[in-house]
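One structure is given here, and the rest of the page talks about it.
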Amino acid sequence: MKLMAALGNPGSGYAQTRHNVGWLVADELVRRTGTAWRKEGKDAEVAELRLGPAPGVKVLLVKPQTFMNAAGKAVVPLMSFYKLEGPDLLVLQDDLDSPFGLLKVRLGGRHGGQNGLRDIIRLLGHEDFARLKIGISRPPAGWAVSDWVLSKWREDEAAPLAELVRLGANAAETWAASGLAEAQQAYNSTDLRPKPPAPAPSPAHTEPRATTEKEGEQDRPAGTDPGPASA
């Protein structure tokens, strides 16, 4: 059995914010598998999935209902109850340090200021678990980080976001069914950022155009002798 923890904040007001992109990936997995969310105590919603080729790998998908900063309170007791270890856990998270349009699967590492991840690490006592990191970019100039992560997706981001969520769900499924290395190989090259325009071609080199005799005559000052004609 595996456990996937999708980081986000509960409540309709947070549903389409950047901080909740992990929940969008979780909802896509639930939609694909035709399962449903159910309450697990007061701190979590869970869905039981089977991912990968039949009969599939059993996965417990978790949405903490504790708000982001206390996500570990929902995740770690479930790991303890089901006797799961670090290699059995994948966290679905937003990542400020990756540009929007990038995703990567990573094992271990610091929390990078992501408070839900910070709390899971604190309560587990180690960092040795996998993360699906979905880029949301650093805030633009003049934005506080807290305002940026809780801001809504813009209309022009809808199409790349939908593709990023689809690929994120694919990566999570690959991790569950085939392991970390295969998920990294298949999805760590994902880059949906707009490609820069191709450089303009250099102007074609043209030879100087020969001057005709008539044009030469037009260029001479009036009344001058053109000189003897060449033999």
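Taking the stretch 73-106 as the range and being touching a strand residue (DSSP E or B) at 6+ places or on another chain (Cβ under 6 Å), among the β-branched types (Val, Ile, Thr) and farther than 18 Å from GLN184 by Cα as the test, only VAL75 passes.
Filtering the stretch 46-91 to residues that are more than 21 Å from ARG110 (Cα to Cα) and among the small types (Gly, Ala, Ser) leaves ALA47, GLY52, ALA54, GLY56, SER80.
On the given criteria, is LEU150 under 20 Å from the mean Cα position of the chain (by Cα) and not small (Gly, Ala, Ser)?
Details: under 20 Å from the mean Cα position of the chain (by Cα): yes; not small (Gly, Ala, Ser): yes.
Answer is yes for this residue.
I want to confirm something. Restricting to the stretch 70-124 and keeping residues that are among the small types (Gly, Ala, Ser) and open to solvent by 10 Å² or more (accessible area, probe 1.4 Å), which single residue is farthest from the chain's Cα centre (by Cα)? Quick ask: steps written out before the conclusion?
Quick first cut of the stretch 70-124, residues among the small types (Gly, Ala, Ser) only: 70-72, 74, 80, 86, 98, 101, 108-109, 112-113, 116.
If we keep only those that are open to solvent by 10 Å² or more (accessible area, probe 1.4 Å) too, we end up with 70, 80, 109, 112-113.
Details: ALA70: 23, SER80: 30, GLY109: 18, GLY112: 15, GLY113: 17 Å.
My answer is SER80.
Can you work out which of the residues in the stretch 125-174 that are touching a residue at least 12 places away in the same chain (Cβ under 8 Å) and of a type in the set (Ser, Thr, Tyr) is surrounded by the fewest Cβ atoms within 10 Å (Cβ to Cβ)? Across the stretch 125-174, the extreme among qualifying residues is SER151.
This table checks each residue for (1) of a type outside the set (A, V, I, L, M); (2) touching a Leu at 6+ places or on another chain (Cβ under 7 Å); (3) farther than 22 Å from THR66 by Cα.
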| position | (1), (2), (3) |
| --- | --- |
| ASN115 | yes, no, no |
| ASP119 | yes, no, no |
| LEU124 | no, no, no |
| PHE129 | yes, yes, no |
| GLY135 | yes, yes, yes |
| PRO140 | yes, no, yes |
| ARG154 | yes, no, yes |
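The set of residues from the stretch 9-42 being part of a loop (DSSP other than H, G, I, E, B), closer than 16 Å to VAL91 by Cβ and either touching a strand residue (DSSP E or B) at 6+ places or on another chain (Cβ under 7 Å) or open to solvent by 50 Å² or more (accessible area, probe 1.4 Å) (or both) is empty.
Does at least one position in the stretch 124-141 carry a residue that is modelled with pLDDT of 75 or more, on the phi > 0 side of the Ramachandran plot and in contact with a Ser or Thr (Cβ under 8 Å, 6 or more places away or on another chain)? Before you say what the answer is, go through the steps one by one.
Going residue by residue through the stretch 124-141, those that are modelled with pLDDT of 75 or more are 124-141.
If we keep only those that are on the phi > 0 side of the Ramachandran plot as well, we get 125, 137.
Remaining after also requiring in contact with a Ser or Thr (Cβ under 8 Å, 6 or more places away or on another chain): 137.
Yes, the conditions are met somewhere in the stretch 124-141.
The values are calculated or read from the model by the stated rules, or taken from the named source; none is laboratory data. Owing to the predicted nature of the structure, the values given are computational and were not obtained by experimental measurement. Cβ coordinates were reconstructed from backbone atoms using ideal geometry, including for glycine residues, and neighbour counts include every protein chain displayed. We work out accessible area using only protein heavy atoms, side chains counted, and drop any ligands, DNA or RNA first. Shrake-Rupley method; radii C 1.70, N 1.55, O 1.52, S 1.80 Å.
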